[in-house]
Structure formats: C-alpha cells, structure tokens
Amino acid sequence: MAQDFKRTDRIGSQLQRDLADLVREEMKDPGLGMVTIQEVRVVRDLSQAKVFFTVMGTDLPVSECAKRLNQAAGHLRFLLGQQSKLRTVPKLHFVFDESVERGQHLASLIDQAVADNHSDS
C-alpha cells in the first residue's frame, strides 16, 4: 500500500516537471500570462491527475484561465504520452491553486497587525 502512494507521488512529480515545460513551450495563448504548475496529484489507478496551477501577468479571471488550460488538456496529455515512459497518461484536470493567494493574504494581515501593534505602543 505504501508503495502505491510513493509511486503516485513520483509520477505526480514527473508530470509536474513535464507539464511545466509543455505549458511554457506549447501553450500559444498570450492571454494566459505566466502559468506555474504548483502540484500534480495522481489517483492511485493513474487514470486521472489534478493539476494545481497559479497564473501571473494576466487580466483574465482565474476561471477563464482554468477553462483554457482544461481545453488544452487533451493536447497536453497527448504530448505527455509521446515523451513519457508511462503506459497510460492520466486524464488532466486543471485547478487553480488558491494556497499561494491565501498565504499572501495571511502574510499581509500579519504585517498589518504588527504595524498596528507598534503604532499603539
């Protein structure tokens, strides 16, 4: 059981690296801005992978970025299949990673609380 977990982690890490390169090199959508693949989580049977991403340098709403990436998922999966040693490449589902924004928001709240605390003293 623990071996399966490690295998899915290894495959997820490899897919993350490969997808980062493919998105940078193959996505010809200038409206997307800079897409960063944060993490890839692969289900145990390797049939599906959830691809967490962030995006910078775009005016598009996050939902539109996810829609465009999911529209390209089939092509990206095909390209992964050509360069990968996997017998079957998981179906890709792109999901915006909110953890980075949440972390930045929490950091700004902490900074504000510290600044307020210093001004009260």
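Points worth noting:
- Residues of region 23-56 with an amide N closer than 14 Å to a point placed 7 Å from the Cα of residue 88 along the Cα-to-Cβ direction: 43-49.
- Extending 7 Å from Cα along the Cβ direction at residue 43 and again at residue 9 yields two label points whose distance is 2.2 nm.
- Lysine pairs with alpha-carbon atoms under 25 Å apart, the chain, spacing 8 or more or separate chains: 10
- Between the C-alpha center of region 80-121 and that of region 1-63 there is a gap of 13 Å.
- Count Lys and Arg as plus one, Asp and Glu as minus one, and take only other residues whose Cβ is under 15 Å from that of residue 84; the net charge is then +4.
- Between 0 and 90°, nearest 10: helix 62-83 axis offset from the chain longest Cα axis: 30 degrees
- Packing rank of 92-98, 80-86, 33-39, where each peptide gets the mean count of other beta carbons within 10 Å, highest leading: 92-98, 33-39, 80-86
- Each of 8, 88 was scored by other Cβ atoms within 10 Å of its Cβ. Listed from fewest to most, they are 88, 8.
- Spatial extent of the chain: Rg and Dmax, with the Cα atoms as the point set, Å: 18.0, 64
Just so you know, all these numbers are worked out from the coordinates, no wet-lab data involved. What you see is a predicted model; the values in this text were computed from it and never measured. Backbone-built Cβ (ideal geometry, glycine too); neighbour counts: all protein chains shown.
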